Amino acid sequence: MNQIHRETLEEEATHVTDEARMVLPGVQAVLGFQLVAVFNQRFQDLSSAEQVLHLVAFLLVALAMGLMMTPAAYHRQVERGRVSRRFVELSSTLLTIAMLPLIGGVSLDTYLISRLILGAPETATMAAGVVAIVLAGLWYALPAVFRHLKN
């Protein structure tokens with residue numbers, strides 16, 4: 001049977017903060033690899049435009065990380081010691097929005113890695129497009145379909 005448990009506000013807040021805690025280390029790892037890549041000798045194999053793409057990818061992942069960390073900063077500064085509907089909604093919205101720049105950053109990184117390995121910009125563009133579509137599908141389309149089926 002499909003039993004449903006309605007979460008309390010406190011449970012919702014715990015879940016949203018747990019979700020951020022689970023995703024954040026992966027995003028930070030990607031950001032770290034992006035930093036190291038600049039100092040790698042192969043980075044010079046990229047054209048100037050592709051090096052700028054790497055910077056854009058880095059900035060997008062940094063933005064995603066910032067959006068994911070904002071609920072903790074907000075809670076510490078505005079709602080310390082309490083949980084509100086506003087905090088849960090803000091946190092959920094920020095985590096949902098954070099996936100957009102993360103998709104962009106990972107897709108651009110996929111292009112650059114594919115370009116270095118495969119050499120062909122067309123194939124690299126296809127690989128990046130596939131990654132963007134798959135991630136958008138998993139993180140936005142799939143939940144939308146299930147949300148629609150639920151109603």
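Evaluate the following for Val61: is it crowded, with 18+ Cβ neighbours inside 10 Å, of a type outside the set (Asp, Glu), touching a residue at least 60 places away in the same chain (Cβ under 8 Å) and more than 30 Å from Asn2 (Cα to Cα)? Judged against the criteria, Val61 is not a match. Applying the set (1) out of contact with any Phe, Trp or Tyr (no Cβ under 7 Å at 6 or more places or on another chain); (2) in contact (Cβ under 8 Å) with a residue 24 or more places away in the chain; (3) closer than 23 Å to Phe33 by Cα to Met99 leaves exactly one unmet item: (1).
Which of the residues spanning segment 11-60 are outside any loop (DSSP other than H, G, I, E, B) and among the hydroxyl-bearing types (Ser, Thr, Tyr)? Thr14, Thr17, Ser48, listed by residue number.
Checked against (1) of a type in the set (A, V, I, L, M); (2) under 16 Å from Gly26 (Cβ atoms); (3) surrounded by 14 or more Cβ atoms within 10 Å (Cβ to Cβ), Leu112 passes all but a single condition, namely (2). Pairing each residue of segment 111-140 that is more than 17 Å from Leu53 (Cβ to Cβ) with any residue that is of a type in the set (A, V, I, L, M, F, W, C) and at pLDDT 95 or above, provided the two are 6+ apart or on different chains, yields C-beta distances under 7 Å for Leu135/Ile103; Leu135/Val106; Ala136/Ile103; Trp139/Met99.
A quick yes/no check of all residues on (1) of a type in the set (Asp, Glu); (2) modelled with pLDDT of 90 or more:
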position	(1), (2)
Glu11	yes, no
Val27	no, yes
Val30	no, yes
Gln34	no, yes
Arg42	no, no
Gln51	no, yes
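Selection over segment 61-95 of residues that are part of a loop (DSSP other than H, G, I, E, B) and modelled with pLDDT of 95 or more gives a count of 0.
Mind checking whether some residue in segment 129-147 is of a type in the set (Lys, Arg), at pLDDT below 95 and touching a helix residue (DSSP H, G or I) at 6+ places or on another chain (Cβ under 8 Å)? Looking through segment 129-147, none of the residues is of a type in the set (Lys, Arg), at pLDDT below 95 and touching a helix residue (DSSP H, G or I) at 6+ places or on another chain (Cβ under 8 Å).
Candidates Ala144, Ala124: the one that is open to solvent by less than 90 Å² (accessible area, probe 1.4 Å), in a helix (DSSP H, G or I) and closer than 16 Å to Phe43 by Cβ is Ala124.
The values are calculated or read from the model by the stated rules, or taken from the named source; none is laboratory data. Everything numeric here is computed off the predicted structure, so don't read it as measured data. Please note: Cβ atoms are built from the backbone with ideal geometry, for glycine as well, and neighbour counts cover all protein chains shown. With ligands, DNA and RNA removed, areas are computed over all heavy atoms of the protein, side chains included. Shrake-Rupley method; radii C 1.70, N 1.55, O 1.52, S 1.80 Å.
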